[in-house]
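Enquirer: Quick one: the structure is below, and I'll ask about it shortly.
We did not get these values from a lab; they are worked out from the coordinates using the rules stated. Quick caveat: nothing in here was measured; it's all calculated off a predicted structure. A quick note on method: Cβ atoms are made from the backbone with ideal geometry, for glycine too, and the neighbour counts reach across all protein chains shown.
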Amino acid sequence: ADYEALLTKNRIWLARTKGVAVISAEDGINLGLSGPSLRGSGVKWDLRRAAPYAVYDQLDFEIPIGTKGDNYDRFICRMLEIEQSMRIVEQALKKMPLGPVSLDDPHVVLPEKEKVYNSIEGLMHHFKIIMEGIQVPTGEVYLAVEGGNGELGFYIVSNGGGKPYRVRVRPPCFIAMSAFREMIKGSMIADIIPTFGMINMIGGECDR
């Protein structure tokens, strides 16, 4: 709350964010944006609601969106999402059942360290999973989750066996940075840094 009050009333901050780096809802969709970068433009798209996974369909939370698609709206979306994340965590803790957190399936789960260190069976089990991988059938799949910056997806092709034939990652920051040029068109040089910050670029996602 202190940070929000500090920034929402700061004249310098408002000058660098309000009406700056505007992306319309249509342009955001066409550019492939997701996460706060897209929701800041007024598009209510969140994979936790659009394609629920884990237990998100059992949780009650809001999807903050903007109206103007500028840096300020993206900032407000991120601030409000912190509050929604707290709601999600509180609900998840109440719903979390007692018991182990890992599957009880030796074909996909590594053995306990005690078994690895003290039995030949445990050591062999550990070695086979690490070296041979989890055996999966031939096929292909794309699955995505709602990351902090948007849609984080993985396209995997298997030809059978324990190692994927092809893997393609769809990182949100790589897509958002491709839209950076459109965001800063006609802006001042001083607007570049806050616009870059609103994307929250993760360097590892953009290393291609």
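Enquirer: Looking at the chain, which longest stretch skips every one of the GluC sites (Glu not before Pro) that is in a DSSP loop with at most 14 other Cβ atoms within 10 Å, leaving the sites themselves out?
Expert: On the way: sites that count: E62, E112.
The answer is 113-208.
Enquirer: Just to verify a number: FRET efficiency for V55 and I120, C-beta to C-beta distance, R0 = 35 Å, to 0.05?
Expert: On the way: r = 39 Å, r/R0 = 1.11.
Taking R0 as 35 Å, the efficiency between V55 and I120 is 0.35.
Enquirer: Ok, one more. Pairs of Cα atoms under 8 Å, at least six residues apart: use those to get the relative contact order of the chain, whole percent.
Expert: Numbers: 306 pairs, mean separation 45.8, N = 208.
The normalised contact order for the chain reaches 22 percent.
Enquirer: Still on this structure, I have one more. Give, in nm to one decimal, the length gained when the segment between D207 and M86 is fully stretched (0.36 nm per residue of separation minus the Cα-Cα distance). Could you put the intermediate results ahead of the total?
Expert: On the way: separation 121, 0.36 × 121 = 43.56 nm, distance 3.15 nm.
Extending this stretch completely gives an extra 40.4 nm.
Enquirer: Which of the DSSP-defined H helices in the chain satisfy a minimum axial length of 30 Å, computed from C-alpha atoms, and a minimum mean Kyte-Doolittle hydropathy of 1.6? Before the final figure, lay out each step's value.
Expert: Details: long enough: 71-95 (36 Å, -0.47).
In the chain, no H run is both long and hydrophobic enough.
Enquirer: Okay, next question. What is the extension gain from A190 to I130, computed as 0.36 nm multiplied by their sequence separation minus the C-alpha to C-alpha distance, in nm to one decimal?
Expert: Working: separation 60, 0.36 × 60 = 21.60 nm, distance 4.96 nm.
Separation in residues times 0.36 nm, less the Cα-Cα distance, equals 16.6 nm.
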